[in-house]
Amino acid sequence: MEDNVVMNAPTLPSKRREVEAGSRSESTSKRRRLMPSGYLWILPAMVLCVGIIYYSVGYTGYISTLEWDGSSPVQRSVGADNYAQLFRDPIFWQAIRNTAVFFVITFAVQTALGILFAAILHSNVRLKVVYKVIIFVPVVLAPSIMAPSFRQIFGANGQLNQVLEAVGLDFLAHPWLADSATALPTLMLITVWHWTGLTFILYFAAMGQVEPEVLEAARIDGAGNLRTLWSIVLPSVRGTTIAILMLSIIGALKTFDIPYLITLGGPNYSTEFLGTYIYRQSIPLANVGYGAALSIILLVLALAFAITVNVRSQRKES
Amino acid sequence: MFETRSRSAKIVLQVLVTLMVLPFLFPLVVMVQGSLAGIGWGNYEAVLSRPELPLFFRNSALISIATILLVYACTMLAAFAFSKLHIRGKEVYFWLILAALTLPEVILLTPLFSTTLQLGLYNTYWSVILPLAALQIPFTVLLTRSFMNGIPDGLIEAARIDGANTLRAFWHIVLPLTRPIAAAIIVLTFIGAWNNFLLPLVFLQSPDTQTITLLPTFFIGQFNNDQTKVLAAAVVTALPIVIAYLLLQRLFERGLAAGAIK
């Protein structure tokens, strides 16, 4: 069963149709006349995509060889200097480390929670719709809308500390976002809150396709609940897990809204990500050339990971 | 999935899932509670009386609608051609669009910034609509093409034999069959456009064109960091999309699930 649309390699249906058309000479002449029109149909999408995205990538590549503030007419070509500087930049490496830790933990927690919620809500519990709505609502709320609440909750006098004090854990109370040791874990927690609904919905839909007979057979063979989940359900939702892995990698590399709005990358760069660092260099600091070099590195990383996941998942399947 | 034979097992599962969803509810409760602190509903009156609020809403709505229309039209046309028409080197074009799937939007900032300035598009809706649509189209084309591959070619051939041209076959036969995937496209694009923060942050500097995602930051300045009013503003801006989700719950879930399930 191929249930994984995201990674599907394109097929070549056009060849087959040509052969079919050849056998029906009456429609062939008509078809010939219609053939060129295929280009016109894809033209709007190509113009938008290629026109904006490829143009921008090319332009960014060019800017990355400049020393430029983005608006003045003075541009100085510096060759690969921006890239050389980047590899010596401790904040760049800090951003890479933050992104890696952030990805591993948020992916693991979201996947585990998504599977658990999906399995429980496919079981015999009441008020399923209520639980589904509660888990899913964060997905539709923009981080920018929620940021003021989160800054308050995790503040020194915030609700989290109040709860901790109420249950006698005062020694844990803490300015969560102002301490560089806890700022990144706090942002991970907020990210998990935001996106678990999405992994849950994807797994919920995928588990709906697992055949009840297979589960029944496992039960008759004496497998318990967790054993069934691990050995029967998980392998059959593998396509979904790969799709989520892909979304999480790209999502981690893109991370901008949550750190920018809640901690501004601080304290002391402890929550700096590639996205926020590119923004900081390009807009407030006006080091446009350096920001562009960072952008190109980000693009290379995103493409490399996407291709790796894609190739490895296809090799495993065959 | 989990089998619960005994009554106690049922109760344990129900209690467990209830405890597990509480943290998801917590920030929302804090937001609503905080917005009612101090002068209570007065916070909402203060926020709703600001002339910027309807303006920001209108801007977000216009940007979302234009993006949805653009994405829908481009996606349907391109996916139909990729699935059913002859194009020489089709897969090359298809991969050109697909490669853009991985692209983080932050990469577009500098080139688009100087380009929109030169073209006089800076501070206009188009400076946000066009990149939003360009970033959305790769994913929707991928989804829609595989959906259209499921529509039998015979249907279109039959229409042609009856004398319909490609455009008529597309309009009268293919489009009505693509309603489920159209719903997914609309929902995905709506969430992406309505919630986008980075593009408006960079390209929309005048309050005339700014969107609701910039509203909390805007009100932090306006209300002198009065947290209760900022939270009231957050609730007011969150409500439309929460209501839209509650009304169209199945549609939202199907739309997002369409990404991973055929």
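Of the set (1) at pLDDT 85 or above; (2) surrounded by fewer than 20 Cβ atoms within 10 Å (Cβ to Cβ), all apply to B:Leu231 but (2). The residue list B:Gln118, B:Gln136 contains one member that is closer than 30 Å to A:Gln281 by Cβ, in a helix (DSSP H, G or I), more than 10 Å from chain A (Cβ to nearest Cβ) and not hydrophobic (A, V, I, L, M, F, W, C), which is B:Gln118.
Selection of segment A:135-179 for residues being among the small types (Gly, Ala, Ser) and assigned to a loop (DSSP other than H, G, I, E, B) yields A:Ala142, A:Gly155, A:Ala156, A:Gly158, A:Gly168, A:Ala173, A:Ala178. The single condition from (1) surrounded by fewer than 22 Cβ atoms within 10 Å (Cβ to Cβ); (2) farther than 24 Å from B:Ile220 by Cα that A:Gly197 fails is (1). Quickly run through segment A:267-302 and pick out the residues that are closer than 20 Å to A:Arg76 by Cβ, at the interface with chain B (Cβ under 9 Å from one of its Cβ atoms) and of a type in the set (Ser, Thr, Tyr). Correct list: A:Ser282, A:Ser295.
Given the criteria under 20 Å from B:Pro131 (Cβ atoms), outside the structural domain of A:Gly266 (by TED's automatic domain parsing) and surrounded by fewer than 19 Cβ atoms within 10 Å (Cβ to Cβ), does A:Tyr83 qualify? No; evaluated as a whole, the condition is false for this residue. Within segment B:171-193, residues that are surrounded by fewer than 19 Cβ atoms within 10 Å (Cβ to Cβ) reach partners that are in a helix (DSSP H, G or I) and of a type in the set (Lys, Arg) with beta carbons closer than 9 Å, at six or more positions or on different chains, in the pairs B:Pro180/B:Arg254; B:Ala183/B:Arg254.
You will find that of A:Gly266, A:Gly275, A:Gly289, A:Gly239, the residue that is in contact with a strand residue (DSSP E or B) (Cβ under 7 Å, 6 or more places away or on another chain) and either closer than 21 Å to A:Gly58 by Cα or assigned by TED's automatic domain parsing to the domain that holds A:Ala95 (or both) is A:Gly289 and no other.
Per this entry, B:Leu112 is not counted among residues that are surrounded by fewer than 22 Cβ atoms within 10 Å (Cβ to Cβ) and either among the hydrophobic types (A, V, I, L, M, F, W, C) or at pLDDT below 85 (or both). Listed by position, the helices (runs of 4 or more DSSP H) enclosed by segment A:222-318 that each have at least 3 residues that are in contact (Cβ under 8 Å) with a residue 24 or more places away in the chain and crowded, with 18+ Cβ neighbours inside 10 Å are A:238-254, A:257-262, A:274-282, A:288-317.
The values are calculated or read from the model by the stated rules, or taken from the named source; none is laboratory data. What you see is a predicted model; the values in this text were computed from it and never measured. All Cβ positions, glycine included, derive from the backbone under ideal geometry; neighbour counts span all protein chains shown.
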